[in-house]
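Have a look at the structure below before the remarks.
The values are calculated or read from the model by the stated rules, or taken from the named source; none is laboratory data. Source: prediction; values computed, not measured. A quick note on method: Cβ atoms are made from the backbone with ideal geometry, for glycine too, and the neighbour counts reach across all protein chains shown. Keep in mind that these areas ignore ligands, DNA and RNA; they rest on the heavy atoms of the full protein, side chains included. Shrake-Rupley method; radii C 1.70, N 1.55, O 1.52, S 1.80 Å.
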Amino acid sequence: SQQGEEDPQALSIQEGENATMNCSYKTSINNLQWYRQNSGRGLVHLILIRSNEREKHSGRLRVTLDTSKKSSSLLITASRAADTASYFCATDWGGTSYGKLTFGQGTILTVHP
Amino acid sequence: AAGVIQSPRHLIKEKRETATLKCYPIPRHDTVYWYQQGPGQDPQFLISFYEKMQSDKGSIPDRFSAQQFSDYHSELNMSSLELGDSALYFCAGKTGAHMNTEAFFGQGTRLTVV
């Protein structure tokens, strides 16, 4: 199956600390995307990293992609209580998938003030 | 900027009833995807459309059907509802199904079947 796995499943940290979430997948991909979801609400797009890219930054977010290991990581630096949410990675494996996304199981991040 | 609009935001139906969920993508987005997210689970792909034609199909029950209209909005029709259909239903859109770009999600429709 194309489904990815994320770890940890839950992460609890203090404000100001960094949070790292990892995602693994099983087949080759076109791109990998990270999304954030506040409790039961919509999915907010964070970053897209293409298969020929190794690292991308957006504000306090840094995403890496290692296609040889079929893994990605999301780093949130200097975390804030408002970063508390579930974070999902999702893979687009291109080809005949027509851009559909396969989501990992998500990491629940709790940032304590 | 306009985002992906889904309606209704909340829906309560009884078992065996029907429901219609609507999705209005961002202008010029010609590809629409539907996902189902059960409680505590990750979103699961249901079905997608590109230029008004079905492009891919996932784990969508036969009781569900969907289509994309000439103005690119999409509707997900659900019949003979079951308790297990209670979930958050998302649609997402992008320009060009094969483009290496992000998909933009709506806020979702929370369907509760009682």
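Any idea which of A:18, A:22, A:30, A:38 is closer than 20 Å to residue B:102 by Cβ, open to solvent by 50 Å² or more (accessible area, probe 1.4 Å) and among the polar types (S, T, N, Q)?
It is A:38.
So is residue B:64 of a type outside the set (Asp, Glu), more than 20 Å from residue B:111 (Cβ to Cβ) and touching a residue at least 12 places away in the same chain (Cβ under 8 Å) or not?
Spelling it out, it is not the case that residue B:64 is of a type outside the set (Asp, Glu), more than 20 Å from residue B:111 (Cβ to Cβ) and touching a residue at least 12 places away in the same chain (Cβ under 8 Å).
Out of curiosity, is residue B:104 under 30 Å from residue A:10 (Cα atoms), out of contact with any helix residue (DSSP H, G or I) (no Cβ under 9 Å at 6 or more places or on another chain) and modelled with pLDDT under 95?
Answer is yes for this residue.
Considering only the range B:10-20, I want to know if a residue exists there that is within 13 Å of another protein chain (Cβ to nearest Cβ) and either more than 28 Å from residue A:51 (Cβ to Cβ) or of a type outside the set (A, V, I, L, M, F, W, C) (or both).
Yes, the conditions are met somewhere in the range B:10-20.
Could you say whether any residue in the range B:87-104 is among the aromatic types (Phe, Trp, Tyr), in contact (Cβ under 8 Å) with a residue 60 or more places away in the chain and open to solvent by 20 Å² or more (accessible area, probe 1.4 Å)?
The first filter runs over the range B:87-104 and keeps only residues among the aromatic types (Phe, Trp, Tyr), leaving B:89-90, B:104.
From what's left, in contact (Cβ under 8 Å) with a residue 60 or more places away in the chain: B:89-90, B:104.
Then drop every residue that is not open to solvent by 20 Å² or more (accessible area, probe 1.4 Å), which leaves B:104.
Yes, because at least one residue in the range B:87-104 is among the aromatic types (Phe, Trp, Tyr), in contact (Cβ under 8 Å) with a residue 60 or more places away in the chain and open to solvent by 20 Å² or more (accessible area, probe 1.4 Å).
Working only within the range B:23-39, note down all residues that are open to solvent by 70 Å² or more (accessible area, probe 1.4 Å) and modelled with pLDDT of 90 or more.
Scanning the range B:23-39 gives B:24, B:39.
Could you list, in sequence order, all residues of the range A:92-106 that are open to solvent by 30 Å² or more (accessible area, probe 1.4 Å), in a loop (DSSP other than H, G, I, E, B) and facing another protein chain (nearest Cβ under 10 Å)? Before the answer, list the steps.
Our first condition is that a residue be open to solvent by 30 Å² or more (accessible area, probe 1.4 Å); within the range A:92-106, this holds for A:93, A:95-96, A:98, A:100, A:105.
Of the ones still in play, those that are also in a loop (DSSP other than H, G, I, E, B) are A:93, A:98, A:100, A:105.
If the condition is that a residue be open to solvent by 30 Å² or more (accessible area, probe 1.4 Å), in a loop (DSSP other than H, G, I, E, B) and facing another protein chain (nearest Cβ under 10 Å), then A:98, A:100, A:105 are the ones that fit.
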